[in-house]
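For reference, the structure discussed in these notes is given below.
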Amino acid sequence: MRYDVAVIGGGVIGCAIARELSRYRLRAVVIERECEVGLGTSKANSGIIHAGHHGAAGTLKGELEWRGNQMWDALADDLHFGFKRVGDLTCAFDEDQRATLRQIMEQGKRRGVPGLELWGPERIRREEPHLSHDIVEALYAPTAGVVNPYEACFMLAESAVRNGVDLALERTVRGIRRSEKGFEIEVVAGVVAHDARDGDDATPELIKARFVVDAAGLHADAIADMVDAGGFHIRARKGEEYLLDKRLVGYVKRIVFPCPTPTSKGILVIPTYDGTLMVGPTATWTDKDDLATTAEGSAEVFEGARKLAPGISEKDCIAEFAGLRAVSDTEEFILGPSRVAGFVLAAGMQSPALTAAPAVATVVLDALRDDGLELVARDDFEPGVPAPVRFAELSYAEQRSLVARDPAYARLVCRCEIVTEGEVRDAIERGARTLDGIKFRTRAGMGRCQGGFCTWGCMELLHEQLDIPLTAVTKRGGDSYVAIPRLEGAA
Amino acid sequence: MSDDRQDADREAAADREMVGARVDNDANVSHYLCIGCPLGCRLEVEEEQGEIVEIRGQSCKKGEVFARQEHTDPRRVVTTTVAVAGGLWPRLPVKTEGDVPKAAIIDVCRMLHGLRLEAPVTIGQVIAADVLGTGVDVVASRDLPRA
Amino acid sequence: MITPKPAHLQPRYDVVVVGGGPAGLAAAVGARESGAERVLVIDREPEAGGILQQCIHPGFGLHHFGEELTGPEYAQRAIEQTVEREVDVLSSAYVLDVASDRRLKVTSRDHGVAYLDAGAVVLAMGARERTRGAIRIPGERPAGVMTAGFAQKLVNLGGMLPGRRAVILGSGDIGLIMARRLVLEGVEVEGVYELMPHANGLNRNIVQCLHDYDIPLHLSTTVVRIDGRERVERVTVAPVDASYRPDMTKARDIPCDTLLVSIGLIPDNELAHRLGLRLDPVTTGPVVTSTMETTRDGVFACGNVVHIHDLVDYVSQESMLAGRGAGAYAIGTPTPPDNVRLTPGENVRYCVPPTITTDREHTVYMRVTKPMAPCTLHLGDVYKRPLRYVFPGEMVTLKVRPRFLEGFHGGSLPVSIVPREEGGSA
């Protein structure tokens, strides 16, 4: 298969790039090793669209954070994922920190970030009654937002596909050869180590493309090294996050930050788009395959969260996860042309990469154009995707007409998050092939019972719609089966 | 370490080792946990040349009766599910209509797991009469209508 | 057992019961008995009976039906009782909301999204299981970690197995029952691990689920880590000290592909929150009167949604009372309000109901904080009863008769359970 552009990596960066590419008359493919897009770091982060003032002046991260921030409304309008500008507060506990707030505020103002204000204790208490009384001042930034990052990935990818981009899922890149027409990318099925050379692999496939974009996250260095376009290292810095029971919806209305230190933004209290409160993340160097949450991480997160909002308790925890930041040696984005013509890098994409993603995509396209890719706009480009049905958010009248159209929307599958059979069927039609795929598209399984009730219903629907046995249903592809068949003649 | 802590630790260690009936090597003593009431008396049955010579540890008559029964002829009610086609669920819960020898549990289940029934099934319907010659029937635990 | 589908949904019922498990079914019977004409039970599963349909083991019904039954047998009896009394049962339906004026919003394939009015409502939604996330076991998040109840459904209703080699965390009855169930289905059960220094389930289950199959029970030990990228590959267990802190120097890895967690039940109180009912912080269920009425007029509650039970027979008993209360309310029969508060005293964690009257007989359910044997239950100074034993895992019931309170003129009575000298006078 021959393409103009192959994007390696289907995280939010790769999906944003794919969506940009789909505006133009060219053939593009996204190569992703998991069974769905967005299942790597892109689904395991804080989901914050940063306000634009935290990024240091004169840095690529800082510049693209603000540029990217301004692009999210248009994206959300077109693509219907959850996005809301809730604003953020950066909190100072002493005089030194108050000085830092002023410095950050100036930085933001110079960049053009609007609405920055300093709040005194009275205003803080009025607006956010559950925050610590030890906070002496806070910097309010209305431009900060929260997004469901996995939803953004799905919708970006769906839009790209609608406009002609191919998705090569469950393919791991094993080698890249330069050819006279560009690049030949060797892929094998499933998630395997990039340097694995087992004899029993399926016949490797060859994907040919004139240009390649390396958006491979944690493995961007290994990918770039395949054509000697690298010369950088990506290390993994793990962040653990903890999700709290929905009874705390509204406990804080804005994203709450402590004062940043040189190494970390600190432990935050985040009102996610769906209202669930999330606390975290930690920041610890680790291996690229270490996604474990830890007792120490949990202690650090709850201690940090309580500093900001003393009423937060482990008792309210319903779930936890860990994500790995892809960190370059310089801590900066590695973005733009590489030393190999036609091979563009979008690596080192740690915070604020989610925020910057739409802007990163335009930078990548500029680099491709500079490298010789002709960008001719499609006249049939469809910017939008059909808005997914969210039964729980509809009015009674809307629910009734929806149900009249299709009674599957009247049968509840997930009671914690109020998700109907119709929505789960839609998710499967739109690409969900696993329980996590359904979860991240519909929220079924994210609630306080953590799938205790809805897993059964989702299994039945996957079984019916994909025509697979119940025992073939997986949590997230590969070997993550839920159940196995009875052993014959057991006991 | 305080005395209370030491006691708790010792008790915990003993509990950890309590794995059910076991026979001490120096005397023919078997241990049972009484299920008659939540007191859970630790019962001991001492045997000599195949005869019970003493039962110890019980706080009531029920315990003594239980120990004797468990030692000489332990019996259990067995419940499991049987494959059924065309029903609301693919499995039918069944039970033995009385207790059967404990030693027969695995074989009873193996036999039942080889059966294939057809819906509809009525509660109380005999699925396997006189199962493995125990004199006890296996019956359906519910109505299972056609799907 | 499938109940006949109601042909139409009426716009108004005397009593609507939310939940068709043993609690809801008994409440419906109680409502009919007290004279309510139109009674509707709404249940989210394809058939009523609640969790009993997957509890295929015996041990139910000795008190309520006078014989020992399996879960499905008990469920069938309870369903038959409602059918006999012409109670409507709407299955595969979900109550999205209950407003304070007792207007319910119900959704179902058969009837779409509809509003119903109720003279009285009974909340009987039961409980959900505590999950791994609630106790934050560190490690990865592979498939193969599930609650014991979910595994029970996979096996008993789905005819599937959760895996090939399982570790069970929690020695409550559900975990013990599943240990046996898995062995009988050919799954290897490596062991049952319990954080506390004592087992939580009935001794009957310790013997018949663990001892019978040589499954070790490790007390004062918990799971400290789960590993596995896609599916569980191993869990790590470690002993804990008196403050439940794990001693990682004694940690042990157990290769396995399945971890069942059986770590407690939580009343399912979404609707109670929406209704703004006052909740008891100890039970985490709604505060109820002696007729099981909550803090909202005409809204009653019963079963696991009020407090976690261990014997379904008591659930049925308590729920019939709630149903009678709801029925009486719906047809306009006033009930005298409670006039005596029961305050939990020594060794009593809570009482349900927390208030009673001097004019009727009441069954009070309570749970103790710690085991005691032998002991005496004291109802203030007006009544006492010797007990052979009390255990946190076994609910204690007390029948309070009006004659106990004849000379009593106060507003509140402490309920306490204190140790008794062996052979001492009652």
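Using the Cβ-Cβ distance between A:R339 and A:Q103 with R0 set to 41 Å, the FRET efficiency from 1/(1 + (r/R0)^6) comes to roughly 0.65.
Write out the trypsin sites (Lys or Arg not before Pro) in the range A:234-263 meeting two conditions: DSSP loop, and at most 14 other Cβ atoms within 10 Å of their Cβ. The qualifying sites are A:K253.
Rank A:V29, A:P149, A:G477 by how far each Cα sits towards the positive end of the charge dipole of chain A (+1 on Lys, Arg Cβ; -1 on Asp, Glu Cβ) and give me just the farthest. In chain A, that residue is A:P149. Taking amide H as placed 1.01 Å from N in the peptide plane, B:V84 has its amide H under 5 Å from the amide H of B:R91, B:L92, B:L117, each at least 5 places away in sequence or on another chain. Please state the Cα pair-distance histogram of the range A:1-100 with 10 angstrom bins from zero: what percent is in each bin? So the P(r) values, bin by bin, are 12, 32, 34, 14, 5, 2, 0.
Normalised Debye scattering of chain A at q = 0.12 Å⁻¹ gives log10 I(q)/I(0) of -1.13, counting only Cα atoms as equal scatterers and leaving out solvent. Sequentially through the range A:123-130, phi angles give Karplus couplings (6.51, -1.76, 1.60; θ = phi - 60°) of 5, 4, 5, 5, 7, 9, x, 9 Hz, Gly and Pro residues having no value and appearing as x.
For the pair the range A:435-491 and the range A:407-423, the centres of their Cα atoms are 16 angstrom apart. Max-minus-min Cα coordinates of the protein assembly as shown on each principal axis give 94, 69, 66 Å, with the largest extent listed first. Normalising the average separation of contacting C-alpha pairs (under 8 angstrom, six or more residues apart) by the number of residues puts the relative contact order of the range C:340-419 at 41 percent. Annotation: lysines with alpha-carbon distance below 22 angstrom to C:K399 (same-chain offsets under eight excluded): C:K370, C:K384. Dipole magnitude for the range C:21-98: computed about the Cα centre from +1 point charges on Lys and Arg Cβ and -1 point charges on Asp and Glu Cβ, it is near 120 debye.
Chains B and C together bury roughly 3500 Å² of accessible area, counting both sides, with a 1.4 Å probe on protein heavy atoms only. With R₀ set to 25 Å, the beta-carbon distance separating C:D381 from C:R341 gives a calculated FRET efficiency near 0.95.
In the protein assembly as shown, helical runs assigned H by DSSP with n ≥ 4 each contribute -39500 (n - 2.57); averaged across all residues and rounded to the nearest 500, the mean residue ellipticity at 222 nm is -7500 deg cm²/dmol. Distances between placed amide hydrogens fall under 5 Å for C:T222 paired with C:A238, C:V240, all partners being 5 or more residues away or on another chain. Going from the isolated chain to the complete set of protein chains, the range A:312-348 loses at least 30 Å² of heavy-atom accessible area (1.4 Å probe) at A:E314, A:C317, A:E320.
Using a 1.4 Å probe and ignoring any ligands, DNA or RNA, find the accessible area of C:Y329 and quote it in Å² to the nearest 10. That residue has around 80 Å² of solvent-accessible surface.
Mind listing P(r) for the range C:178-286? All alpha-carbon pairs, 10 Å bins, whole percents. Going from the shortest bin to the longest, the percentages are 12, 33, 30, 19, 6. For the residues of B:105-112, the average number of beta carbons from a partner chain within 10 Å of their own beta carbon is 4. Working note: Karplus 6.51/-1.76/1.60 with θ = phi - 60° gives the range A:34-44 the couplings 7, 7, 9, 6, x, 8, x, 4, 5, 9, 10 Hz, where Gly and Pro are set to x.
Label-to-label distance for B:C60 and C:Y389 is 0.9 nm, based on points extended 7 Å past Cα in the beta-carbon direction. Which net charge results when you count Lys and Arg as +1 and Asp and Glu as -1 among the other residues whose beta-carbon is under 12 Å from that of A:K253? Surrounding charge for A:K253 is +1. At an R0 of 60 angstrom, the distance between the Cβ atoms of A:K315 and B:Q69 translates into a FRET efficiency of 0.85. Remark: spin-label model distance A:E382-C:S100 equals 4.8 nm, labels positioned 7 Å along the Cα→Cβ axis. Converting phi to 3J(HN,Hα) with the Karplus coefficients 6.51, -1.76 and 1.60 and the offset θ = phi - 60°, the range A:334-341 yields 10, 9, x, x, 9, 7, 10, 4 Hz in sequence order, with x at every glycine or proline. Here the protein assembly as shown exposes an accessible surface that is 49 percent carbon and sulfur, computed with a 1.4 Å probe and the other protein chains kept in place.
Looking only at the range A:46-64, which residues have a backbone nitrogen under 17 Å from a spot 7 Å from the Cα of A:R110 in the C-beta direction? The answer is A:52-64, whose backbone nitrogens lie closer than 17 Å to the label point. Computed with a 1.4 Å probe over protein heavy atoms only, the accessible surface of the range B:76-140 comes to 39 Å² per residue. Note on A:K208: lysines with a C-alpha under 17 Å away, same-chain residues under 8 apart excluded, are A:K181.
The residue among A:T261, A:L218, A:G239 whose Cα reaches farthest toward the positive pole of the charge dipole of the range A:218-301, with charges on the beta-carbon of Lys, Arg, Asp and Glu, is A:T261.
Taking a ≥ b ≥ c as the square roots of the eigenvalues of the Cα gyration tensor of chain C, is the shape rounded (a/c under 1.5), prolate (a/b larger than b/c) or oblate? Here chain C falls in the oblate category. Taking the Cα centre of the range C:131-263 as origin and assigning +1 to Lys and Arg Cβ atoms and -1 to Asp and Glu Cβ atoms, the resulting dipole is close to 300 debye. When a/c is below 1.5 the answer is rounded, else prolate if a/b is larger than b/c, else oblate, so apply that to the range C:15-126 with a ≥ b ≥ c taken from the square roots of the Cα gyration tensor eigenvalues. Here the range C:15-126 falls in the prolate category. Projecting the Cα atoms of C:A328, C:C375, B:A104 onto the dipole axis of the protein assembly as shown, where Lys and Arg carry +1 and Asp and Glu carry -1 at the beta carbon, places C:A328 farthest toward the positive end.
Mean partner shielding of peptide C:204-210, defined as the number of other chain Cβ atoms within 10 Å of each residue Cβ, is 5. Put the Cα centre of the range A:6-63 next to the Cα centre of the range A:214-292 and the gap is 14 Å. Inter-label distance, C:E421 to B:D107: 5.6 nm, where each label sits 7 Å from its Cα along the C-beta direction.
The distance linking the range C:114-157 with the range A:71-133 is 38 Å (Cα centroid to Cα centroid, whole angstrom).
Of A:T471, C:T70, A:T203, the order by accessible heavy-atom surface (1.4 Å probe, DNA, RNA and ligands excluded), from most exposed downward, is A:T203, A:T471, C:T70.
A Gaussian network model of chain C, with springs between Cα atoms under 10 Å, assigns the largest mean-square fluctuation among C:G228, C:G50, C:G393 to C:G228. Does the range C:363-414 classify as rounded, prolate or oblate by the C-alpha gyration tensor (a ≥ b ≥ c root eigenvalues; a/c under 1.5 gives rounded; else a/b over b/c gives prolate, otherwise oblate)? Prolate, because a/c is 1.5 or more and a/b exceeds b/c.
Residues A:F343, C:F391, ordered by accessible area of protein heavy atoms at a 1.4 angstrom probe radius and largest first, appear as C:F391, A:F343. Within the shell of other residues whose beta carbon sits under 10 angstrom from the beta carbon of A:E127, the net charge comes to +3, with Lys and Arg scored +1 and Asp and Glu -1. Counting only DSSP beta bridges with both residues in the protein assembly as shown, the antiparallel share comes to about 70 percent. Computed over protein heavy atoms with a 1.4 Å probe, the accessible surface of the range C:146-220 works out to 23 Å² per residue.
Placing unit charges on the Cβ atoms only, positive for Lys and Arg and negative for Asp and Glu, gives the protein assembly as shown a dipole magnitude near 2020 debye about its Cα centre. Near C:S412, once Lys and Arg are set to +1 and Asp and Glu to -1 for all other residues with Cβ below 12 Å from its Cβ, the sum equals 0.
Of the GluC sites (Glu not before Pro) found in the range C:7-60, the ones in coil according to DSSP and having at most 16 other Cβ atoms within 10 Å of their Cβ are C:E37.
Between C:Q10 and C:R274, the contour length at 0.36 nm per residue exceeds the Cα-Cα span by 92.7 nm. A straight chain from A:R369 to A:E393 at 0.36 nm per residue would run longer than the Cα-Cα distance by 4.4 nm. To the nearest 10, the accessible area of B:D130 is 70 Å² with a 1.4 Å probe. Here is the interface size for C with A: some 4400 Å² of accessible area buried, both sides summed, with a 1.4 Å probe.
The values are calculated or read from the model by the stated rules, or taken from the named source; none is laboratory data. Treat the numbers as computed from the prediction; the structure is a model and nothing was measured. Here Cβ is always computed from backbone atoms with ideal geometry, including for glycine, and neighbour counts include all displayed protein chains. For accessibility, only protein heavy atoms count, side chains too; no ligands or nucleic acids. Shrake-Rupley method; radii C 1.70, N 1.55, O 1.52, S 1.80 Å.
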